[in-house]
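The structure appears below as structure tokens.
The values are calculated or read from the model by the stated rules, or taken from the named source; none is laboratory data. Worth saying up front: this structure is predicted, and the values here are computed from it rather than measured. Using ideal geometry, Cβ is built from the backbone for each residue, glycine included, and neighbour counts are taken over all protein chains shown. These accessible areas exclude ligands, DNA and RNA; they are computed on the full protein's heavy atoms, side chains included. Shrake-Rupley method; radii C 1.70, N 1.55, O 1.52, S 1.80 Å.
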Amino acid sequence: MEESTTQKPTESGYKGLVFLDPKDITIHESELAGMNVTVGGETFEEVRASLALPITEPDRYVSLRIGASKGEEQEIGMIRDVNELSPENQVLVRRELRKRYFLHVIYKILSLKEKFGFLYFEAETSKGLRKFAVRWEYNRVQEYSEFGRIIIDTDDNRYIIPDLRKLSPEEYKNFTRYIYW
Amino acid sequence: MLRKALPPKYAAWLSEQNIPESDILLCTDNDITFEGEYAERWVVVTRDAVIMLRERDGQVQAARSFKMADIESARIDPRVGSGFLQVKVHGHWAEVARFSNARAIWFERIAAKITRFKETGEIILTEEDEKEQNRCPTCGLLLRSSTDICPRCINKNRVFGRLLRMMQPYWPWALGTLLLVFTGIGLDLVPPQLSRILMDDIFVHDPARPYLMPEWALRLMNITPGTQMTPSEKVTLLFFVVFLGMAGVQLLRIGLNIVIGRLSVTVGTKITYDLRHKLFSRLSELSVRYYDRHQVGILMQRVTGDTESLHGFVSQSTQGFLVNILLPVFIGAALFKMNPTLTLYVFIPAPFVIISTYYFWEFVYPNYYKYWDSHSKMNAMLNSVLSGVRVVKAFAQEEREISRFNHLSGNVQASRQRVDKATGTFYPIVGFIFGLGGLIVWYVGGRYVLEGKGMTLGTLTAFTSYLGMFYGPLSSLTYISSWLTGFMTSAQRVFEVLDTEPELQDTDSALHLHICRGEIEFKNVTFGYDRYNPVIRDVTAHIKPGEMIGIVGRSGSGKTTFVNLLCRFYEVDQGEILIDGISLRELHKDDIRRNIGLVLQEPFLFRGTIRENIAYGRPDADIENVMKAAKAANAHDFIMRLADGYDTKLGEYGSGLSGGERQRISIARALLYDPAILILDEATSSVDTESEKQIQEALAVATKGRTTIAIAHRLSTLRNSNRIIVMDDGRIIEMGTHDELIKKEGTYYRLVKIQTQLTSEPTVDRLELEKKEQEAAVSDESSEKETEEETEKDSEEKTDAESTEPSEDESSKDSEQTS
């Protein structure tokens, strides 16, 4: 049975999971916040996008949501795969996703030291050279997919090492000296 | 900072726009673009606008600008790793700026200030507003929490001085211990000297050299000083040196160690006891707000772990740390006195030992941490799995849990191995270096002996004996600094609690309330756990003595905060609360609480007997009154069925009793307390129908003759209330009797209707509502239409009402619907 049918939220009564038909979605840029999304002839304003599996499936299962500004957030529906959208729509959805997730990808750990229970990193990241501190605690460095780690610094900023195996032996040794879990 | 100085180019731009500096209310820099790239941005709030400035192609421009007149309010829209400052313009939220989490605290404050400006027309900046969280104000070091102590800036002298003052009552013990420590060190120096006498006076005495043994000692042994000793005299001397000298010193040392140990334990435990007492007393005095900010686990660590480390400090000071400092000094002096040149050779291995020990600790400390950490994780996993063993078995997940455990256990094994291997490698190497020192001394000293360069065999033996006593403490001194830092931080954490002044203190002129009538008045009360987000907004209510008031509303609507404020667990931000016409601020805290009885949703029972638990508020109550209270609370009969009756010991949190039974005991406790005001906070919401019935019966007795405030989700429990308050979003939106509110057909009416539809039992409400609907059916068509719309609206709300814990967001939804 084909599940990928678009239902208008009002018809579905917000019950059950609604997968949106990529052909049935039109997305417009909003002047204020979020996007304007038209689904099945109905337009929704201030639409936000969020990922169901931001770590393991960063391109799939995108939830389009309305009402966040009124404190009564509801899901219009889910997009199974961003790549199935039209190129224009893809751009807008990805931009909205970038607004939701502010992440740094670590390319190289230049220095890692411990002092007074904090780990001080200096690293080359997707957002340039960054120096940040992390509380030396288990919950501040977590697994990210199978071989990666996500590091949350003292400001709650997020840094990702996608694959520990791709670090140089020296970086790996220094990293696991402090973070072995 | 909320009012940063603008860089000249931005200031110039504002000036070009005819915005004088005096118009700037708030100004702070921002770190990222809307696209999430790092770049300099400035947010400026003036009396007329909220502007976000950026620089593009060398030109400053306003990337976003909103007229203050159009803005309704401002807020932060938090995302993952960043957030947006938004303003509400013509009913829509618009983004002003995006910031990384590093800047979140400032933008939270800016949003609150803009909103306040729209409400009051002014922006007031306090010192608190400019304070950066979680950073040491002196050195900027990151701290674990805003209340944490900076380990770098901690004033060791101050803490140390304070500790010494704490020892003041025990100064005779402390002084005695110190003297004994010195005596002990003196004794430690004796055996090598005796071995020197053995060698030089008895075994290989050079007639040309005088005896090392003092003349008076020789005379005491009937040996004539200055003459060559006969073999029998040598045996006598040997006997004295070995049995009286060496054995005596050893016996004395053992005796001293025992006395020092006992004294340091006495002083250490006494100080720890004093500290624990002071800490617990202070913690008992601190307000509920303090506990909101601090995790109970951390506070427990302060009372137990940190105070215990003081004990460690005393024993370490006397037996470890002090000895380790003094011994190398004394031994160095002794060595120097014996042979200054050879002493210099002794120092050759010292730098190696110190440096290698430093690096060893640098390496081993993180590994020790890993071991402690992996161990605690394994324990936590064990605890959670064994506690939830039923769930594990029910879902047949034993294999998976075994595998998880093995993984964690493997981590323990690996980390332990790393530590032990490092230790096992390092210490033999250090031993070798020491040995090397010994070899150098043997070789150089040996040549001195052979070549007759002023050194005897006895002196060389004594020298080598001293070596072990010299190197050992020297290596341990390398980690004394980190130990001392850790200890000082512990001490400071203890002092920090002791120094925290209770937020709600009685004034000297505080009044007593001996007889309370139970009249309550809320006058324009506003309060927020965080001052910028009020959860009680401008609440005014008057409750007459003996009245029963029901409070209803969704989760997060402010019901529990309402009663928290009445108990004065928190101080109101604005307005005042009066009991019998006297402001809570003017009353003694104890008197307020003496007149308020609290029955909570989750009754908290302590470890102890049922009798002790019922008499918790009145420990002097006799058993007959305890039983009367239990009887009135419908608890007596089930207590009597227990084998040990009122002497039944309850486990932690009252384990061993059902939820309903625990609740009835807590009601008995409140009844015995006999308060003028009784607060029931969801007292029956977590028990089954049968228990609820029994509790309701108990409450009917309990509430008689006293002012009662009952918070309930089950509206049927409030039918006997004189009046009902309906709260939403921190405000009282409806107040009146059950009948009045039903007639009003507002929120209360709708809530009753939903709950009546949910229960199949015929109730008074149901009959009333059915009657109302029949009337509505025969009335005109327009009213019929209205009823249909209402039903449709209700069916949407029904989903929320079914949920036991609607979110804060849902409460605000209701707010918009009802307003």
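Taking B:W13, is it part of a helix (DSSP H, G or I) and either open to solvent by less than 20 Å² (accessible area, probe 1.4 Å) or in contact with a strand residue (DSSP E or B) (Cβ under 7 Å, 6 or more places away or on another chain) (or both)?
Details: part of a helix (DSSP H, G or I): yes; either open to solvent by less than 20 Å² (accessible area, probe 1.4 Å) or in contact with a strand residue (DSSP E or B) (Cβ under 7 Å, 6 or more places away or on another chain) (or both): yes.
In short, yes.
Pick from region A:79-104 the residues that are basic (K, R) and at the interface with another protein chain (Cβ under 8 Å from one of its Cβ atoms): which of them is most open to solvent (accessible area, probe 1.4 Å)?
We begin by selecting, within region A:79-104, every residue basic (K, R); these are A:80, A:94-95, A:98-100.
So of that shortlist, the ones also at the interface with another protein chain (Cβ under 8 Å from one of its Cβ atoms) come out as A:95, A:98-100.
On the way: A:R95: 72, A:R98: 109, A:K99: 23, A:R100: 74 Å².
So the residue we want is A:R98.
If I ask for residues that are small (G, A, S) and in a helix (DSSP H, G or I), which ones from region B:78-110 would you list?
Restricting attention to region B:78-110, the residues satisfying the condition of being small (G, A, S) are B:81-83, B:91, B:94, B:97, B:100, B:102, B:104.
Scanning region B:78-110 gives B:A102, B:A104.
For region B:672-679, state whether one or more residues are in contact with a Phe, Trp or Tyr (Cβ under 6 Å, 6 or more places away or on another chain), in a helix (DSSP H, G or I) and within 25 Å of B:R706 (Cβ to Cβ). Spell out the reasoning first.
Step one: of region B:672-679, the residues in contact with a Phe, Trp or Tyr (Cβ under 6 Å, 6 or more places away or on another chain) are none.
No, region B:672-679 contains no residue that is in contact with a Phe, Trp or Tyr (Cβ under 6 Å, 6 or more places away or on another chain), in a helix (DSSP H, G or I) and within 25 Å of B:R706 (Cβ to Cβ).
Conditions tested, residue by residue: (1) under 20 Å from B:L256 (Cα atoms); (2) assigned to a helix (DSSP H, G or I); (3) open to solvent by 70 Å² or more (accessible area, probe 1.4 Å); (4) not acidic (D, E).
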{"site": "B:S315", "(1), (2), (3), (4)": "yes, yes, no, yes"}
{"site": "B:N324", "(1), (2), (3), (4)": "yes, yes, no, yes"}
{"site": "B:L335", "(1), (2), (3), (4)": "no, yes, no, yes"}
{"site": "B:T343", "(1), (2), (3), (4)": "no, yes, no, yes"}
{"site": "B:F352", "(1), (2), (3), (4)": "no, yes, yes, yes"}
{"site": "B:P366", "(1), (2), (3), (4)": "no, yes, no, yes"}
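With B:S73, B:S65, B:S100 as the choices, which residue is polar (S, T, N, Q) and in contact with a helix residue (DSSP H, G or I) (Cβ under 8 Å, 6 or more places away or on another chain)? Step through it out loud before you land on a result.
Numbers: B:S65 fails: in contact with a helix residue (DSSP H, G or I) (Cβ under 8 Å, 6 or more places away or on another chain); B:S100 fails: in contact with a helix residue (DSSP H, G or I) (Cβ under 8 Å, 6 or more places away or on another chain).
None of the others qualify; the one that does is B:S73.
Looking at (1) open to solvent by 50 Å² or more (accessible area, probe 1.4 Å); (2) assigned to a helix (DSSP H, G or I); (3) within 11 Å of chain B (Cβ to nearest Cβ), can you tell me which one A:K173 breaks?
The number of the failed condition is (3).
Go through (1) within 20 Å of the chain's Cα centre (by Cα); (2) farther than 28 Å from B:R418 by Cα; (3) without any contact (Cβ under 8 Å) to a residue 12 or more places away in the chain one by one and return the number of the condition A:V105 breaks.
If we test A:V105 against (1) within 20 Å of the chain's Cα centre (by Cα); (2) farther than 28 Å from B:R418 by Cα; (3) without any contact (Cβ under 8 Å) to a residue 12 or more places away in the chain, just (3) comes out false.
Does any residue in region B:340-353 that is touching a residue at least 40 places away in the same chain (Cβ under 8 Å) come within less than 7 Å, Cβ to Cβ, of a residue that is surrounded by 14 or more Cβ atoms within 10 Å (Cβ to Cβ) and among the polar types (S, T, N, Q) six or more places away or on a different chain, and which pairs are these?
Taking only residues 6 or more apart or on different chains, the pairs are B:V353/B:S475.
With respect to B:V241, determine if the residue is in contact with a Phe, Trp or Tyr (Cβ under 9 Å, 6 or more places away or on another chain), part of a helix (DSSP H, G or I) and at pLDDT below 85. Before the answer, list the steps.
Working: in contact with a Phe, Trp or Tyr (Cβ under 9 Å, 6 or more places away or on another chain): no; part of a helix (DSSP H, G or I): yes; at pLDDT below 85: yes.
It is false that B:V241 is in contact with a Phe, Trp or Tyr (Cβ under 9 Å, 6 or more places away or on another chain), part of a helix (DSSP H, G or I) and at pLDDT below 85.
Among the residues of region B:16-32, write down those that are within 14 Å of chain A (Cβ to nearest Cβ) and either among the polar types (S, T, N, Q) or not in a strand (DSSP E or B) (or both). Steps first, answer last, please.
Quick first cut of region B:16-32, residues within 14 Å of chain A (Cβ to nearest Cβ) only: B:30-32.
B:N30 - this is the single residue of region B:16-32 that is within 14 Å of chain A (Cβ to nearest Cβ) and either among the polar types (S, T, N, Q) or not in a strand (DSSP E or B) (or both).
Considering (1) open to solvent by 60 Å² or more (accessible area, probe 1.4 Å); (2) at the interface with chain B (Cβ under 9 Å from one of its Cβ atoms); (3) closer than 30 Å to A:E143 by Cβ, say which one A:E45 fails and leave the rest.
All conditions pass for A:E45, except number (3).
Can you say whether B:Q250 is surrounded by fewer than 16 Cβ atoms within 10 Å (Cβ to Cβ), touching a residue at least 12 places away in the same chain (Cβ under 8 Å) and either over 30 Å from B:K453 (Cα atoms) or among the hydrophobic types (A, V, I, L, M, F, W, C) (or both), as far as the supplied structure shows?
On the way: surrounded by fewer than 16 Cβ atoms within 10 Å (Cβ to Cβ): yes; touching a residue at least 12 places away in the same chain (Cβ under 8 Å): yes; either over 30 Å from B:K453 (Cα atoms) or among the hydrophobic types (A, V, I, L, M, F, W, C) (or both): yes.
Criteria met by B:Q250.
Condition (residue is touching a His at 6+ places or on another chain (Cβ under 9 Å), free of Cβ contacts under 8 Å to residues at least 24 places away in the same chain and within 14 Å of chain B (Cβ to nearest Cβ)) applied to region A:120-127: is it met by at least one residue?
Filtering region A:120-127 down to residues touching a His at 6+ places or on another chain (Cβ under 9 Å) leaves A:123, A:125-127.
Next, only the ones that are free of Cβ contacts under 8 Å to residues at least 24 places away in the same chain stay: A:126-127.
Those left that are additionally within 14 Å of chain B (Cβ to nearest Cβ): A:126-127.
Yes: one or more hits.
Inside region B:46-62, can you point out the residues that are touching a helix residue (DSSP H, G or I) at 6+ places or on another chain (Cβ under 6 Å) and either hydrophobic (A, V, I, L, M, F, W, C) or touching a residue at least 60 places away in the same chain (Cβ under 8 Å) (or both)?
Filtering region B:46-62 for residues touching a helix residue (DSSP H, G or I) at 6+ places or on another chain (Cβ under 6 Å) gives B:46-49, B:53, B:60.
Correct list: B:A49, B:L53, B:V60.
If I go through region B:395-424 residue by residue, how many of them are more than 14 Å from chain A (Cβ to nearest Cβ) and open to solvent by 80 Å² or more (accessible area, probe 1.4 Å)?
Step one: filter region B:395-424 for residues more than 14 Å from chain A (Cβ to nearest Cβ), giving B:395-403, B:405-406, B:420-421, B:423-424.
If we keep only those that are open to solvent by 80 Å² or more (accessible area, probe 1.4 Å) as well, we get B:395, B:399-400, B:402, B:406, B:421.
So the count comes out to 6.
What's the number of the condition A:S111 fails, among (1) more than 14 Å from chain B (Cβ to nearest Cβ); (2) over 18 Å from the mean Cα position of the chain (by Cα); (3) open to solvent by 50 Å² or more (accessible area, probe 1.4 Å); (4) not acidic (D, E)?
Failed condition: (3).
Could you list, in sequence order, all residues of region B:584-627 that are more than 33 Å from the chain's Cα centre (by Cα) and crowded, with 16+ Cβ neighbours inside 10 Å?
Taking region B:584-627 and keeping what is more than 33 Å from the chain's Cα centre (by Cα), we get B:620-627.
Correct list: B:A621, B:N625, B:V626, B:M627.
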